[in-house]
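Asks: Okay, here's the structure, questions in a sec.
The values are calculated or read from the model by the stated rules, or taken from the named source; none is laboratory data. Everything quoted here is computed from the prediction, not taken from an experiment. Note that each Cβ is placed from the backbone with ideal geometry, even for glycine, and that neighbours are counted across all protein chains shown. Only protein heavy atoms, including side chains, enter the accessible area calculation; ligands, DNA and RNA are left aside. Shrake-Rupley method; radii C 1.70, N 1.55, O 1.52, S 1.80 Å.
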Amino acid sequence: MSDTKASNRMWGGRFASGPDAIMEAINASIGFDRKLYTQDIRGSLAHAAMLAKTGIISAEDEKQISQGLNTILSEIESGKFEFSTRLEDIHMNIEARLAELIGPAAGRLHTARSRNDQVAVDFRLWVKEELQRIDRALGDLLEAFLNRAEEHYATVMPGFTHLQTAQPVTFGHHLMAYVEMFGRDRSRVRDAIERMDECPLGAAALAGTGFPTDRFMTAKALGFREPTRNSIDTVSDRDFALEFLSLAAICGVHLSRLAEEIVIWSTPQFGFVRLSDSFSTGSSIMPQKKNPDAAELIRAKTGRVNGHLIGLLTVMKGLPLAYSKDMQEDKEAVFDAAETLDLMIAAMTGMIKDIEINAAAMKKAAGSGFSTATDLADWLVREAGLPFREAHHVTGRAVALAEEKKCGLEKLSLEDLQAIHESINEGVYSVLSVSNSVKSRTSYGGTAPSEVRKQIKNWRKRLAKDNKDLNKG
């Protein structure tokens, strides 16, 4: 049987001739949806078992179908299976091969289902499995951050606003900011799994089926919490794919922001960090260069993931219910975004684990730019009783004087400070040093080393619980 005839038979008697080459090229999805072969076979095995149990097909047919599907699985995994673009997609490729292997019984497999619910279940299974992989990867990334934050809970560095020195913080505190971000990313992953944990199989083309199917049986067999509740919605929407791309884009943005900081920190002008040879490259012409290519590529690949989100949103925005072929454009975006995000997380985890920290450079920079000016203002409010706005003005004059004298605030003499405001006494020097400034920020979630250690401890408990839940699931 030729591929053209096979294609015509799959479509039924409505079409007298096969598609021309252009139609074949635009219509076929086997070039990318072959990635769903495992999920497609799993779905078909579950469907066949249900059909047999409910008496829709015979036990003998179910046995032949299962044996044939397992043979096909082995053929694909061993590289012996021949995919055909004339058969359009993964579903038809597998079904055609099944017919070759077991004959007429193969035609009974598609009873009480459609390619519409078939692709929906395949794709949901794939996305769910990918989300579980990302969950584990983010757990590893969080562990790497916590280990480095524990090493540097008291390492002083400048904190920035507008990329200008603002106040001194600890490097551990800075790292813990990313723990919070990636922790929220992980929670979004888990929320998405919970929301999409419904089985589309059995919704058929759009209206359900008149056969006495058991959708709860197939849902359980495929590891879903329950079947979907509306057959039109089941085959119409791809919000689970959109949610995947959305959380991937948000996580990518967090990775990109950190990558940008690594790029900046690794410059000779900053010198805060040094990347290992594993995550940097040299120059073809300048032998002294060590380029942060891994960080730069993470930064760039975020745009790629963002683009996939916008692309699928645009595809879906004008589609009437129920299924339209436009939705075939969902998979390439998700497949590529998933592969890209997996690589980005793995690269960042590697960089964080072996990045070399220059604590001396960080400490020196932490005292630049009059970073303890806010501490002086706070001291004037707390010790001298000044309203904050007046304290702000007095501090501004002290900064101007220090700038004129080309020294730090802590180097101004008591006479200089008292000339600005008579209420200042020697006690002010207790807050003007970088280390004392950092130690004083003891508010909940603040940068004081004691608070950073508390947050690390809290996160270790949370991470252990999350990982336990993941392994249990």
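Asks: Among all residue pairs at least 6 apart or on different chains, which show Cβ distances below 7 Å where the first residue, located in segment 453-473, is open to solvent by 70 Å² or more (accessible area, probe 1.4 Å) and the second is part of a helix (DSSP H, G or I) and among the hydroxyl-bearing types (Ser, Thr, Tyr)?
Replies: Matching pairs, first to second residue: none at all.
Asks: Say we look at segment 58-75 and pick out the residues that are surrounded by fewer than 20 Cβ atoms within 10 Å (Cβ to Cβ) and of a type in the set (A, V, I, L, M); which of these is nearest to GLY103 (Cα to Cα)?
Replies: In this case the residue turns out to be ALA59.
A quick yes/no check of all residues on (1) part of a loop (DSSP other than H, G, I, E, B); (2) in contact with a strand residue (DSSP E or B) (Cβ under 6 Å, 6 or more places away or on another chain); (3) of a type outside the set (Ser, Thr, Tyr):
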| site | (1), (2), (3) |
| --- | --- |
| GLU180 | no, no, yes |
| ASP191 | no, no, yes |
| LEU201 | yes, no, yes |
| VAL235 | no, no, yes |
| ALA248 | no, no, yes |
| CYS251 | no, no, yes |
| SER256 | no, no, no |
| PRO268 | yes, no, yes |
| GLY271 | yes, no, yes |
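Asks: Report, by residue number, each residue of segment 1-34 that is basic (Lys, Arg) and either at pLDDT below 60 or open to solvent by less than 90 Å² (accessible area, probe 1.4 Å) (or both).
Replies: Residues of segment 1-34 basic (Lys, Arg): 5, 9, 14, 34.
Within segment 1-34, LYS5, ARG9, ARG14 meet the criteria.
Asks: I'd like the full set of residues that are outside any helix (DSSP H, G or I) and in contact with a Ser or Thr (Cβ under 8 Å, 6 or more places away or on another chain), limited to segment 161-178. So that I can check it myself, show each step before the final result.
Replies: Keep residues of segment 161-178 that are outside any helix (DSSP H, G or I), which gives 161-170.
Listed by number, the residues that qualify are THR165, ALA166, GLN167, PRO168, VAL169, THR170.
Asks: Still on this structure, please answer the following. So, in segment 77-91, of the ones that are crowded, with 20+ Cβ neighbours inside 10 Å and under 17 Å from LYS35 (Cβ atoms), which residue ends up farthest from the chain's Cα centre (by Cα)?
Replies: Looking at residues that are crowded, with 20+ Cβ neighbours inside 10 Å and under 17 Å from LYS35 (Cβ atoms), I get LEU87.
Asks: Would you check if GLU243 is of a type in the set (Asp, Glu), farther than 26 Å from LEU470 by Cα, touching a residue at least 24 places away in the same chain (Cβ under 8 Å) and in a helix (DSSP H, G or I)? Quick ask: steps written out before the conclusion?
Replies: Details: of a type in the set (Asp, Glu): yes; farther than 26 Å from LEU470 by Cα: no; touching a residue at least 24 places away in the same chain (Cβ under 8 Å): yes; in a helix (DSSP H, G or I): yes.
No.
Asks: Of the residues GLU150, GLU130, which single one is open to solvent by 50 Å² or more (accessible area, probe 1.4 Å) and not in a loop (DSSP other than H, G, I, E, B)? Steps first, please.
Replies: Values: GLU130 fails: open to solvent by 50 Å² or more (accessible area, probe 1.4 Å).
Just one listed residue meets the conditions, GLU150.
Asks: Test GLU100 against the stated conditions and say whether it is open to solvent by 20 Å² or more (accessible area, probe 1.4 Å) and assigned to a loop (DSSP other than H, G, I, E, B). Working first, answer last.
Replies: Values: open to solvent by 20 Å² or more (accessible area, probe 1.4 Å): yes; assigned to a loop (DSSP other than H, G, I, E, B): no.
No: the conditions fail for GLU100.
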